[in-house]
Amino acid sequence: MRIPQLRMEATFAKLAISTEPAQLEITQPPAEVTIEQPHPELEINVIRPRLTIDQSQAWAEMNLKHVFRLIKDAAKDGYETWLAYVETVSAQGDELMKIENGGDVIAEQAQANSEGPPLEFNVGLVPSPFSVKIDYEPGKLMMDWKIHQPMIDVKPHRPVIHYQPGAVHIDLAQHNSLRINVVT
């Protein structure tokens with residue numbers, strides 16, 4: 001005997017998924033930078049060195065004097081010679097006043113007045129050592145720097161962001177179904 005059979009055919013539902021990817025675009029504009037460096041200022045002060053050489057004593061020792069000094073020295077020598085002469089004449093006058101005390105005063109005075117002073121001879125260096133006076137004052141160099149800090153100005157720019165969100169589309173590609181057949 002034949003028993004009727006039920007045949008079932010089922011189809012499952014199918015989903016169709018489609019996606020649109022998200023898009024992200026980032027651009028970074030460069031920052032604006034300005035830098036200014038002021039020039040440094042330099043101030044220099046100089047005190048010049050000074051060298052002083054005084055050779056007037058050396059010239060005087062070589063008898064090469066300035067005319068004013070020659071006149072001054074001659075006047076001084078003349079005055080000293082006159083004082084020595086007054087002293088000698090005064091002393092000889094005193095001796096002549098006391099001629100009665102004895103002695104040959106006139107002969108002694110005649111001999112002393114007829115002879116000059118003994119000549120002196122001495123070995124020496126003309127001009128004498130260290131007769132030239134040297135004086136030196138060192139110079140000075142003073143430097144003053146004024147350094148200025150650089151002026152830096154930075155203007156940053158924010159990044160430009162463009163974002164387009166993605167999407168997911170879900171569709172039913174195939175519906176589910178159930179067929180039941182009776183087979184005899």
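The values are calculated or read from the model by the stated rules, or taken from the named source; none is laboratory data. In this text the structure is predicted, and so the values were computed from the model without any measurement. Positions of Cβ are generated from backbone atoms using ideal geometry, with glycine treated the same way; all protein chains shown enter the neighbour counts. Heavy atoms of the whole protein, side chains included, go into the accessibility calculation; ligands, DNA and RNA do not. Shrake-Rupley method; radii C 1.70, N 1.55, O 1.52, S 1.80 Å.
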query = List pairs: first in region 59-74 and under 20 Å from VAL132 (Cα atoms), second open to solvent by 70 Å² or more (accessible area, probe 1.4 Å), Cβ under 7 Å, 6+ apart or cross-chain?
reply = ALA60/ARG69; GLU61/VAL126; MET62/VAL126; LYS65/TRP59
query = In region 148-168, how many are surrounded by fewer than 10 Cβ atoms within 10 Å (Cβ to Cβ) and under 30 Å from the mean Cα position of the chain (by Cα)?
reply = 2
Residue that is nearest to ASN181 (Cα to Cα) [pool: residues in region 9-21 that are open to solvent by 90 Å² or more (accessible area, probe 1.4 Å) and not aromatic (Phe, Trp, Tyr)] = GLU9
message = Just to be sure before I move on: is LYS140 in contact (Cβ under 8 Å) with a residue 24 or more places away in the chain and open to solvent by 100 Å² or more (accessible area, probe 1.4 Å) in the structure I sent?
response = yes
query = Could you give every pair whose Cβ atoms fall below 6 Å, whose first residue belongs to region 6-23 and is closer than 20 Å to HIS175 by Cα, and whose second residue is open to solvent by less than 100 Å² (accessible area, probe 1.4 Å) and aliphatic (A, V, I, L, M), counting only separations of at least 6 or pairs across chains?
reply = ARG7/VAL183; MET8/ILE180; LYS14/ALA173; ALA16/ALA173
message = Is it the case, given these coordinates, that ALA31 is touching a His at 6+ places or on another chain (Cβ under 8 Å) and under 30 Å from VAL182 (Cβ atoms)?
response = no
query = Taking region 97-129 only, how many residues are in a helix (DSSP H, G or I) and either within 30 Å of GLN57 (Cβ to Cβ) or open to solvent by less than 80 Å² (accessible area, probe 1.4 Å) (or both)?
reply = 6
request  = Tell me, please, whether a residue that is closer than 30 Å to LYS14 by Cβ and not in a loop (DSSP other than H, G, I, E, B) can be found in region 138-160.
outcome  = no
remark   = Of the listed residues (LEU24, LEU6, LEU51), the one being under 30 Å from MET142 (Cα atoms) and open to solvent by 100 Å² or more (accessible area, probe 1.4 Å) is LEU51
